[in-house]
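Encoded as structure tokens, the structure appears first; notes follow it.
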Amino acid sequence: MQPWTRSDTRDTDVVDLSILFAQQQASRIDWDGPVFSLYELPTHTTRLGVEFMRAGSELRQGVRLKIRGGKLEANGVATSDLVLWQDSSPTCVDVLVRWGKQGSRSLRVWNCWEVNGVMHAWLGNAGMRVERTPEGVIVLNCSDGRGEPDFGDLLVKIAPE
């Protein structure tokens, strides 16, 4: 059996990215190139420009931003855990990053989706291919957890400043 296949299949080799992430206990795996379950954004960031470029899934798609050691502020709301949904957020969202004065810092992003009113992440074939432009812009090519990996389920551009 190849290392990227499910252990519970006998007749077919079916990929399950969540099993690979769990087996490797990592947020980055190699499956025909790097795939991330979550992506660490630079901790010197003071602002994020988040732009939804395309949603290619029938499921409700979004991104989740979580900060440790500060607050995220969007549309006048400050929180440490922010979910932006492609269908209800503006196409471009300006997120201010307010770091605390001391302590450890982290700023992470991952894709999420909704089924029957419940938000999901990190299940099945969820993952992100990440591209970085020379200008530092990050493009997340997201696969929701359903079916075979499809990194066109959601495309999001993040411009950290």
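Observations on the structure shown:
- Every pair of residues 6+ apart whose Cβ atoms lie under 7 Å, when the first sits in the range 69-91 and is under 19 Å from Arg105 (Cα atoms) while the second is in a loop (DSSP other than H, G, I, E, B): Gly69/Gly100; Gly69/Gly103; Gly69/Ser104; Gly69/Arg105; Gly70/Gly100; Gly70/Arg105; Lys71/Ser80; Leu72/Ser80
- Some residue of the range 122-134 being surrounded by fewer than 16 Cβ atoms within 10 Å (Cβ to Cβ) and in contact with a helix residue (DSSP H, G or I) (Cβ under 7 Å, 6 or more places away or on another chain): yes
- In the range 130-149, the residue that is farthest from Ser18 (Cα to Cα) out of those that are in a strand (DSSP E or B) and of a type in the set (S, T, N, Q) is Asn141.
- Neighbours by Cβ (under 6 Å, 6+ apart or cross-chain): first from the range 95-119, without any contact (Cβ under 8 Å) to a residue 60 or more places away in the chain; second loosely packed, with under 15 Cβ neighbours inside 10 Å and in a strand (DSSP E or B): Leu96/Arg47; Cys112/Met119
- Test result for Ser104, exposed (fewer than 12 other Cβ atoms within 10 Å of the Cβ), at pLDDT 95 or above and either over 14 Å from the mean Cα position of the chain (by Cα) or not in a strand (DSSP E or B) (or both): no
Here is a yes/no grid of residues against (1) under 26 Å from Phe21 (Cβ atoms); (2) hydrophobic (A, V, I, L, M, F, W, C); (3) assigned to a loop (DSSP other than H, G, I, E, B):
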site: Val50; (1), (2), (3): yes, yes, no
site: Ile67; (1), (2), (3): yes, yes, no
site: Lys71; (1), (2), (3): no, no, no
site: Ser88; (1), (2), (3): no, no, yes
site: Asn111; (1), (2), (3): yes, no, no
site: Gly152; (1), (2), (3): yes, no, yes
site: Leu155; (1), (2), (3): yes, yes, no
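The values are calculated or read from the model by the stated rules, or taken from the named source; none is laboratory data. If you're wondering where the values come from, they're calculated on a predicted model, not measured in any experiment. When we count neighbours, we look across all protein chains shown, and the Cβ atoms used for this are built from the backbone with ideal geometry, even at glycine.
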